[in-house]
Amino acid sequence: MSVVALKPYSFPAKDVRENFPAPLLFIGWDDHLMFGSPVALPLPPDTPFGALGTAVLPGIYGYHPDFARIDWDKVEWLKSGQPWTPDPAKSLAENGLKHKDVIRFRTPGLSGINGSCN
């Protein structure tokens, strides 16, 4: 069922970039439903994309047994649901990521604890 606003909104949005310490990036790990939704991370736009797997995501997903087994060269990335090939040497901004973008990653051969997608 769709929802229609009866009156136009007459207040400024609170989720604009200027209200955060850094642009928000939403990151989700497919086939790992232990993490039921993407995480929202404030990441500086000059962060190298390659740092996600080495410095950022271990603190988020690192306690999952599959995380240590990820072959980052084989990870499949999606941006807004579409296949996407980021350059790990370039920054988040240089890879075209901006405030509130959503990316997901798939890890071929890893589908949760005992293949349960958890």
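Tabulated results
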{"quantity": "Residues of the range 61-118 satisfying the condition of being free of Cβ contacts under 8 Å to residues at least 60 places away in the same chain, closer than 14 Å to THR47 by Cβ and not charged (D, E, K, R)", "calculated": "PRO86, PRO88, ALA89, SER91, ALA93, ASN95, GLY96"}
{"quantity": "Qualifying residues in the range 106-118 (those that are of a type outside the set (A, V, I, L, M, F, W, C), under 18 Å from ILE60 (Cβ atoms) and modelled with pLDDT of 90 or more) - the one surrounded by the fewest Cβ atoms within 10 Å (Cβ to Cβ)", "calculated": "ARG106"}
{"quantity": "Considering residues of the range 10-64 that are small (Gly, Ala, Ser) and in contact with a strand residue (DSSP E or B) (Cβ under 6 Å, 6 or more places away or on another chain) only, the residue nearest to LYS79 (Cα to Cα)", "calculated": "GLY28"}
{"quantity": "Lone unmet requirement of (1) in a loop (DSSP other than H, G, I, E, B); (2) among the aromatic types (Phe, Trp, Tyr); (3) within 30 Å of GLU18 (Cβ to Cβ) for TRP77", "calculated": "(1)"}
{"quantity": "Close pairs from the range 2-27: first under 26 Å from LEU92 (Cβ atoms), partner of a type in the set (A, V, I, L, M, F, W, C) and not in a loop (DSSP other than H, G, I, E, B), Cβ under 6 Å, at least 6 apart", "calculated": "LEU24/ALA40; LEU25/LEU41; PHE26/ALA40; PHE26/VAL102; ILE27/VAL39; ILE27/ILE103"}
{"quantity": "Residue ID - farthest from the chain's Cα centre (by Cα), chosen from residues in the range 92-105 that are crowded, with 17+ Cβ neighbours inside 10 Å and not in a loop (DSSP other than H, G, I, E, B)", "calculated": "PHE105"}
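Here's the yes/no breakdown for (1) exposed (fewer than 14 other Cβ atoms within 10 Å of the Cβ); (2) more than 13 Å from the chain's Cα centre (by Cα):
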| position | (1), (2) |
| --- | --- |
| GLU18 | yes, yes |
| LEU43 | no, no |
| ASP46 | yes, yes |
| LYS74 | yes, yes |
| PRO88 | no, yes |
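The values are calculated or read from the model by the stated rules, or taken from the named source; none is laboratory data. Because the structure is predicted, anything quoted here is derived from the model rather than measured. Because the Cβ atoms are built from the backbone with ideal geometry, glycine has one as well, and the counts that use them run over all protein chains shown.
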